[in-house]
C-alpha cells in the first residue's frame with residue numbers, strides 16, 4: 001500500500017513544527033534538518049556578523065541579522081533559508097518577508 005502524497009511544506013508550517021536542537025530550513029517545500037553548528041563554525045559566523053555590523057554602523061544601508069533569522073527566498077514551493085549572518089539593505093528589508101521565530 002502506498003502512502004498518500006503529501007503537500008509540500010510552506011514557510012508558515014515551519015513555525016508549528018517541534019524543532020528543538022536542530023537547524024531547520026525548507027528547500028522547495030522539503031524540510032531539511034541539521035544538528036546545531038559546532039564551536040568553530042559559531043566563532044566564524046560571529047566574526048562575519050561583527051564585520052557586517054561594523055560596516056552598517058559606518059554606512060547605515062540596512063540591518064544585520066543573525067543565524068536564527070529565516071528568509072523566505074521563494075514561494076510555491078517555499079524555500080526558507082537561515083544564513084549564519086545576513087546584511088539586509090533597506091530596499092530588501094521593505095520587500096523581503098522574514099520568517100519570525
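Couple of notes before you dig in:
- Of all residues in the stretch 65-89, exactly one satisfies the criterion of being in contact with a helix residue (DSSP H, G or I) (Cβ under 9 Å, 6 or more places away or on another chain), within 19 Å of residue 35 (Cβ to Cβ), assigned to a strand (DSSP E or B) and modelled with pLDDT of 90 or more, namely 80.
Listed here are the residues, each with its yes/no results for (1) closer than 22 Å to residue 85 by Cα; (2) out of contact with any strand residue (DSSP E or B) (no Cβ under 8 Å at 6 or more places or on another chain).
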{"residue": "4", "(1), (2)": "no, yes"}
{"residue": "15", "(1), (2)": "yes, no"}
{"residue": "18", "(1), (2)": "no, yes"}
{"residue": "22", "(1), (2)": "yes, no"}
{"residue": "33", "(1), (2)": "yes, no"}
{"residue": "37", "(1), (2)": "yes, no"}
{"residue": "42", "(1), (2)": "yes, yes"}
{"residue": "49", "(1), (2)": "yes, no"}
{"residue": "58", "(1), (2)": "yes, yes"}
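- Against the conditions (1) over 18 Å from the mean Cα position of the chain (by Cα); (2) at pLDDT 90 or above; (3) exposed (fewer than 15 other Cβ atoms within 10 Å of the Cβ), residue 56 satisfies every one except (3).
- Taking the criterion of being in contact with a helix residue (DSSP H, G or I) (Cβ under 8 Å, 6 or more places away or on another chain) and either assigned to a helix (DSSP H, G or I) or closer than 22 Å to residue 25 by Cα (or both), the residues of the stretch 40-64 that qualify are 63, 64.
- In the stretch 10-34, the qualifying residues are those that are within 28 Å of residue 91 (Cα to Cα) and not in a strand (DSSP E or B), and the one that is modelled with the lowest pLDDT is 15.
- Among (1) touching a helix residue (DSSP H, G or I) at 6+ places or on another chain (Cβ under 8 Å); (2) modelled with pLDDT of 90 or more - the single one residue 37 does not satisfy: (2)
- Screening residue 66 on (1) in contact (Cβ under 8 Å) with a residue 60 or more places away in the chain; (2) within 12 Å of the chain's Cα centre (by Cα) shows it passes everything except condition (1).
The values are calculated or read from the model by the stated rules, or taken from the named source; none is laboratory data. Bear in mind that the values here come from a model prediction, so they are computed numbers and not experimental data. Every residue, glycine among them, receives a Cβ derived from its backbone with ideal geometry; neighbour counts consider all protein chains shown.
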